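Computed from the coordinates by the stated procedures, all read-outs in this text should not be read as laboratory data. Because the structure is predicted, anything quoted here is derived from the model rather than measured. All Cβ positions, even for glycine, are placed from backbone atoms using ideal geometry, and neighbour counts span all protein chains on display.
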Amino acid sequence: MHALSDASRSTLTRRGWSGAVARRVSDVASLLRRYRDEEAAFVISNAVVNVANFGFFIAVGRLFSSSSYGAITALLSIVTVANTPLNAIQAGVVHATVAVRQTLGARSPRHLVITFALVGVAATMVVGAAAVLVERFFSLSSVVPVLMLALWFAPSVVNSALCGSLMGHFRFRAIAVANVVGALTRIVLVVVFGAAHQLFGLSGPVIATSAGIAVTTLWVFVAVRAEPDWRLGEYLELHLRHTLWAFLSLGGFAAFVAVDVALARHLLSPISAGSYAAASTAGKIALFLSVAVPIVAYPRFAAHHAAGTNARRPLLLSFWLVAGLGLATAAIMSALPTVTVDLLFGHRYAAAAPLLRLLAPEGAAMGVVGLMTYYHVAQRSVWAAVPWLGVVTIVLVTSFGDISAHALALLVLITSIAVGALMALPEIQGAWRSSRVAHTRTSGGTP
């Protein structure tokens, strides 16, 4: 009887595990079916843009030398840092648009767009004024690439406000098309400038990047002007406190993603920095494949917070998607690093293959950090700022002395895993306490 009981228990355990897996698959499938057409277009376009952006860096790696690739990647890491905080501005405009429509009715975003246009011009002037400092930090041979990069800021800031206005009206399709058109423009131009790299030098890829966002912004602006709200006499106002917190938190995540490439350019030799940048770009595939999941899940996190309900279920589903995509991608690249590097960048970047074994898992860990950052931003939690701790840790450790490319890759891998685990700790503790309370009630005890 005892043996039969153990066998029965084992069978029930297996059934419990299989049932849990089946429920998770069913939940994910149900989540995907709920997307509307415009939201689906946005998610698909986000994947296309990520592939196109990765193709951009592959083209740069093929068309430029290893040292030039390292310089271009390090310079464009400024875009990576700035882009996510701009998404926070976008989120603030979305929140303001939806909230105002529910309480006061429609409002025109015209004054808000003009304000952000002025802010964008000011940001361009600031970066342009600091061009000499940036050129010296990245050990460039000219300030022209930095000046071309400064032109990226004006349309980017405006684009954040324009996209936020459309999203607030649940208009995703125009944004999806604009993003794809801008990404394709960037790739076409980098090929053209790369073919004439002796004339344009490092400025070519930077000009292509600035031109791409300009095309995207123009396309979105036309769509926003076509909205009836644009011509209204009452104007939309932004909730600065909410936007500032999202800006700070998502800015920390963006800095965490880009800090190692910037430090590699600053601390390593040009050739080593180029190999590190190539390995980092390849490793970030594990991040880019899942980057749309937190963006899609964010409204659900925010809705649960507003309603005072527990968001652990959508968080868990999102975690399985992010971790599954990231780990599967990282496992393939880590198992075949030489093949991956040769396929993406060519034989010149053979030194990047050993680094990819570390930076591919780091990309997967960064996906989890990104998910937890969006989750804690929605919860208005101080845990959303933890990625800044990762940035400070990496900068401090590398400041103690010389560091090799392998040691830098190992450092960012360990730090990204630690930061992801730390950000998940509050939810792990909450789930554990809930489980204990439920177990106590089931057992008839006092919680």
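Descriptive notes on the structure:
- Three-way shape label, region 33-238, alpha-carbon gyration tensor, a/c 1.5: prolate
- Cβ-defined net charge surrounding VAL144, 15 Å radius [Lys, Arg +1; Asp, Glu -1]: 0
- R0 of 45 Å, Cβ-Cβ distance ILE271-LEU118: FRET efficiency to nearest 0.05: 0.60
- Listed values for region 355-366 are Karplus-derived 3J(HN,Hα) couplings in whole Hz (6.51 cos²θ - 1.76 cosθ + 1.60, θ = phi - 60°), namely 5, 5, 4, 9, 7, 5, x, 4, x, 5, 5, 5, and x replaces Gly and Pro.
- Neighbours of GLY61 by Cβ distance under 14 Å: Lys/Arg scored +1, Asp/Glu scored -1, total +2.
- Protection-proxy order for peptides 226-236, 150-160, 356-366, each taking the mean of Cβ atoms within 10 Å per residue, highest first: 356-366, 150-160, 226-236
- Gained length - ILE414 relative to VAL188, 0.36 nm times residue gap less alpha-carbon distance: 77.6 nm
- Cβ crowding within 10 Å averaged over residues, with 117-127, 204-214 ranked highest first: 204-214, 117-127
- Under 5 Å from the amide H of TYR235 lie the amide H atoms of SER108, each residue being 5 or more positions distant or on a separate chain, with H modelled from the backbone and absent for Pro and chain starts.
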